[in-house]
Amino acid sequence: MKAGILVKGKRSMANIVFAGGGSSGHALPSLRVANFMRDLGHTVTFIGSHASIEEKLCTHYDIPFHAVATGKFNRTRKMSAISAAGKTLLGVRETRKLMRKLRPDGVFSSGGFASVPVILAARMCGVTNIIIHACDLSIGLANRVCLPFATHLTCTFTETVNQYKKAVASGPIMPPELNGPIDPPKNEKPLLLVYGGGQGAVAINEKLRADLPTILPNFNVFHVCGQGKTDSKFDGTAGYEQHEYVMNLTNQIKQADVAICRAGSNSLWELILTGTPHLAIPLPLSVSRGDQIENCKYFDRLGVTQWLQQDVFIASDLNAELIGILEHTADIRRCMDKIKPACPATETIKNILLT
């Protein structure tokens, strides 16, 4: 592979391929690093799935994108592993052809099934700097598959670093806008932000809408409900605003007085770094490996995250839960301030990529 220009042991200009996808939680960290590297003058390219959230995000951020075959393993359908393996192998062949044209100096992936063909192909093509990033306390299936082929594992949590020889602590990969100015809110009532990831969350949507009569007297609601999940019955409801998807939710997160969300690490860190009290609803074990429950328990011990299992959330008095969180805002923010990382993750990852 052709190397970038080397200056005192580091490349002054590098050509980096990025991967990570299948969900916005897996795609956004890679995109944030890609944007950061591009702003420094490096060449960036993203490889992911056809008609995917990562392709949509790359189009929005004007990052060159190439689609390859990818295979997703469905935890509720064990036979899907055969189909996923076949598609992944096809994706590896397609990615190897791309790698020969792109000739990258390094590869960075933030996980998800869409990253697997990229990491395997990069190793086959002799790329010597291959980084995978673990967003959560435990690494997911895709990263476990990719780990033997990677040169580095960057980790959001220092607790994860202790488990792997290749691991380096980086902290969470966050958007730089989190530190920028905030647009002033337009109303006097507290703002409740509700979102359930890139695809939305049916359980959260249904519970919120069922409880709106008791919530709206006390809150204005900004609801990101997922593609195809808006409900016309609520159009024009005073104090309630619904959207299928918001490409950049940073300003709404900074404006919110309290939030309801799933419990992916990136979502929780965004709320922690903006000092936003929140109620997290982790994905249940029936559809996940339990990583979001692990995140909730970890941040609960630190006093920064309130959380409920999904079945408990559905049966809860949601208005009372939210008011209770608001009443402890000052204490929650003091705990959040104690765990904010000192150095941006993008700096740590940049230094590895340019070595």
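The values are calculated or read from the model by the stated rules, or taken from the named source; none is laboratory data. As the structure is a prediction and not an experimental result, all values here were calculated from the model. Note that we place each Cβ from the backbone using ideal geometry, even for glycine, and neighbour counts take in every protein chain shown. Note: areas computed on protein heavy atoms with side chains; ligands, DNA, RNA excluded. Shrake-Rupley method; radii C 1.70, N 1.55, O 1.52, S 1.80 Å.
If you roll a 1.4 Å probe over the heavy atoms of the protein chains, what accessible area per residue do you get for the stretch 25-173, in Å²?
About 43 Å² of surface per residue is accessible.
Counting only the backbone N, which residues of the stretch 110-134 are under 16 Å from the spot 7 Å out from the Cα of Thr43 toward its beta-carbon?
127-128
Roughly how big is the chain's charge dipole about its Cα centre, with Cβ charges of +1 (Lys, Arg) and -1 (Asp, Glu), in debye to the nearest 20?
2040
Under 18 Å between C-alpha atoms is the cut-off here; go through the stretch 176-289 and count lysine pairs that meet it, provided they're at least eight residues apart or on different chains. Write out the running numbers ahead of the final one.
Details: Lys186/Lys254; Lys189/Lys254; Lys207/Lys229; Lys207/Lys233.
Counting lysine pairs in the stretch 176-289 gives 4.
Each label point is 7 Å from the Cα along the Cα-to-Cβ direction; what then is the distance between the points at Leu147 and Leu90, in nm?
3.0
If a helix is a whole DSSP H run, which ones in the chain reach 15 Å or further along their own axis (Cα) and hold a mean Kyte-Doolittle hydropathy of at least 1.6?
Working: long enough: 24-39 (22 Å, -0.17); 80-102 (32 Å, -0.06); 202-215 (19 Å, 0.23); 291-301 (16 Å, -1.58).
Once both thresholds are applied, nothing remains.
Report the residue, chosen from Gly106, Gly275, Gly236, that carries the largest GNM mean-square fluctuation when the chain is represented by alpha-carbon nodes joined by springs under 10 Å.
Checking each option, the largest mean-square fluctuation is seen for Gly236.
Comparing Val224, Val258, Val246, which has the greatest mean-square fluctuation in the GNM of the chain with Cα pairs linked when under 10 Å apart?
Highest fluctuation among the options: Val246.
Could you give the length gained by full extension between Ala81 and Thr214, i.e. 0.36 nm per residue of separation minus their alpha carbon distance, to one decimal place? Mind showing how you got there, number by number?
On the way: separation 133, 0.36 × 133 = 47.88 nm, distance 4.48 nm.
That pair, Ala81 and Thr214, stretches by 43.4 nm at full extension.
Based on the Cβ-Cβ distance from Asn351 to Phe234, what FRET efficiency comes out when R0 is 45 Å, to the nearest 0.05?
Working: r = 48 Å, r/R0 = 1.07.
For Asn351 and Phe234, the calculated efficiency is 0.40.
Which cross-chain or sequence-distant (5 or more) residues have an amide H under 5 Å from the amide H of Gly20, H modelled 1.01 Å from N in plane?
Close amide H contacts, sequence-distant or interchain: Ser110, Ser115.
Pull out the extension gain between Lys189 and Cys335, defined as 0.36 nm times the separation in residues minus the alpha carbon to alpha carbon distance; nm, one decimal. Could the numbers behind the result be given before it?
Values: separation 146, 0.36 × 146 = 52.56 nm, distance 2.48 nm.
So the chain would gain 50.1 nm between Lys189 and Cys335.
Can you give the longest stretch of the chain with no exposed loop site, where a site means GluC sites (Glu not before Pro) in a DSSP loop (not H, G, I, E or B) with at most 16 other C-beta atoms within 10 Å? If you can, show how the numbers build up before the last one.
On the way: sites that count: Glu188, Glu244.
It runs 1-187.
Could you list which residues have their amide H under 5 Å from that of Ile260, counting only those 5 or more apart in sequence or on another chain, with H placed in the peptide plane?
Leu193, Val194, Tyr195, Leu279
Which one, Gln227, Gln292, Gln306, has the greatest fluctuation when you compute a Gaussian network model over the chain with C-alpha springs under 10 angstrom?
Gln227
Using modelled amide H (1.01 Å from N, peptide plane; none on Pro or chain starts), what sits under 5 Å from the amide H of Gln242, excluding residues fewer than 5 places away?
Amide H neighbours of Gln242: His223.
With θ taken as phi - 60° and the coefficients 6.51, -1.76 and 1.60, list the Karplus ³J(HN,Hα) couplings across the stretch 63-69 in order, rounded to whole Hz; mark glycine and proline as x.
For the stretch 63-69, the Karplus-derived couplings read 9, x, 10, 10, 9, 9, 5 Hz, x marking Gly and Pro.
What percent of all Cα-Cα pairs in the chain falls in each 10 Å bin, counting up from 0?
Here the calculated profile for the chain is 5, 25, 33, 23, 11, 3, 0.
With the other protein chains left in place, how much accessible area per residue, in square angstrom, belongs to the stretch 249-338 at a 1.4 angstrom probe?
On the way: 3570 Å² over 90 residues.
On a per-residue basis, 40 Å².
Alpha carbon centre of the stretch 288-355 versus the stretch 105-182: separation in Å?
Between the Cα centre of the stretch 288-355 and that of the stretch 105-182, the gap is 21 Å.
Express the carbon and sulfur contribution to the solvent-accessible surface of the chain as a percent, rounded to the nearest whole number, probe 1.4 angstrom. Don't skip to the answer; put the middle values down first.
Details: 8680 of 15880 Å².
Here carbon and sulfur together make up 55 percent of the probe-accessible area.
Please give the calculated 222 nm ellipticity per residue for the chain, where each DSSP H segment of at least 4 residues contributes -39500 (n - 2.57) and the sum is spread over every residue; nearest 500 deg cm²/dmol? Write down the numbers at each step before the final one.
Numbers: 14 runs with 142 residues, N = 355.
After summing the helix terms and dividing by residue count, I get -12000 deg cm²/dmol.
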